[in-house]
1. Within region 1-13, can you find the residues that are surrounded by fewer than 16 Cβ atoms within 10 Å (Cβ to Cβ) and touching a residue at least 24 places away in the same chain (Cβ under 8 Å)?
2. Within region 113-125, is even one residue within 14 Å of R58 (Cα to Cα), modelled with pLDDT under 95 and open to solvent by 80 Å² or more (accessible area, probe 1.4 Å)?
3. Quick check on region 50-67. Is at least one of its residues open to solvent by 40 Å² or more (accessible area, probe 1.4 Å), within 26 Å of A11 (Cα to Cα) and of a type in the set (A, V, I, L, M)?
4. With respect to A71, is the statement that it is of a type in the set (G, A, S), open to solvent by 70 Å² or more (accessible area, probe 1.4 Å) and without any contact (Cβ under 8 Å) to a residue 12 or more places away in the chain true?
5. Considering only residues of region 14-38 that are within 11 Å of L55 (Cβ to Cβ) and under 19 Å from the mean Cα position of the chain (by Cα), which is surrounded by the fewest Cβ atoms within 10 Å (Cβ to Cβ)?
6. What number of residues in region 113-127 are without any contact (Cβ under 8 Å) to a residue 60 or more places away in the chain, in a helix (DSSP H, G or I) and within 17 Å of E93 (Cβ to Cβ)?
7. Inside region 75-100, can you point out the residues that are open to solvent by 40 Å² or more (accessible area, probe 1.4 Å) and either in contact (Cβ under 8 Å) with a residue 60 or more places away in the chain or closer than 20 Å to G127 by Cβ (or both)?
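The values are calculated or read from the model by the stated rules, or taken from the named source; none is laboratory data. Every value quoted in this text rests on a predicted model; they were computed, and no experiment measured them. A quick note on method: Cβ atoms are made from the backbone with ideal geometry, for glycine too, and the neighbour counts reach across all protein chains shown. Heads up: the accessible areas ignore ligands, DNA and RNA and are worked out on the full protein's heavy atoms, side chains in. Shrake-Rupley method; radii C 1.70, N 1.55, O 1.52, S 1.80 Å.
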Amino acid sequence: MSLVRFATAQALFETFPELSQKISAKPSEQFPTKFLQTLVTAGKIEDAVTFCAYLLPRREAVWWACRSARASSHYFAEDRAAALLTTEAWVKEPDDERRQAALELGTKGHCDDALTWVALAAGWAGGFLYPARICRFRCRNT
């Protein structure tokens with residue numbers, strides 16, 4: 001991991017204080033990837049995934065989410081696939097037009113669909129968030 005932004009796991013926890021409520025393991029002075037390895041070895045997979053989501057830079061975290069979605073299923077319905085394809089396009093070429101397209105699809109998605117959140121992650125990864133788009137996001141349960 002050449003893009004690790006923190007010298008220690010403790011530094012990551014200090015940057016994101018909410019992490020201590022999401023991970024049961026206590027932060028250490030270990031290098032972040034060593035801390036991550038310790039979590040995996042201890043069988044704390046959920047903690048490891050959560051830690052990794054905070055550890056990675058935004059674009060890499062979105063890429064990881066896309067890869068995870070692809071690994072979890074070989075087929076997505078057309079309406080769901082659009083969110084993933086648009087997000088992957090942003091990962092490959094992270095310009096504002098692609099980011100806004102992912103945000104638009106994410107705001108129209110179902111809140112129980114992981115691909116909605118993948119698209120929103122790309123949309124929220126930087127740039128200007130237009131208030132009209134933010135206000136239109138509603139958690140659809142149907």
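1. Applying the first criterion (surrounded by fewer than 16 Cβ atoms within 10 Å (Cβ to Cβ)) to region 1-13 yields 1-5, 7, 11.
Selection gives M1, L3, V4, R5, A7.
2. Yes, some residue in region 113-125 is within 14 Å of R58 (Cα to Cα), modelled with pLDDT under 95 and open to solvent by 80 Å² or more (accessible area, probe 1.4 Å).
3. The answer is yes; a qualifying residue exists.
4. On the way: of a type in the set (G, A, S): yes; open to solvent by 70 Å² or more (accessible area, probe 1.4 Å): yes; without any contact (Cβ under 8 Å) to a residue 12 or more places away in the chain: yes.
Spelling it out, A71 is indeed of a type in the set (G, A, S), open to solvent by 70 Å² or more (accessible area, probe 1.4 Å) and without any contact (Cβ under 8 Å) to a residue 12 or more places away in the chain.
5. T15
6. Start the filter on region 113-127 by keeping residues that are without any contact (Cβ under 8 Å) to a residue 60 or more places away in the chain, which leaves 113-120, 123-124, 127.
Keeping just the survivors that are in a helix (DSSP H, G or I) gives 114-120, 123.
Keeping just the survivors that are within 17 Å of E93 (Cβ to Cβ) gives 118-119, 123.
Qualifying residue count, region 113-127: 3.
7. Within region 75-100, the subset open to solvent by 40 Å² or more (accessible area, probe 1.4 Å) is 75, 78-80, 85, 92-98.
If the condition is that a residue be open to solvent by 40 Å² or more (accessible area, probe 1.4 Å) and either in contact (Cβ under 8 Å) with a residue 60 or more places away in the chain or closer than 20 Å to G127 by Cβ (or both), then L85, K92, E93, P94, D95, D96, E97, R98 are the ones that fit.
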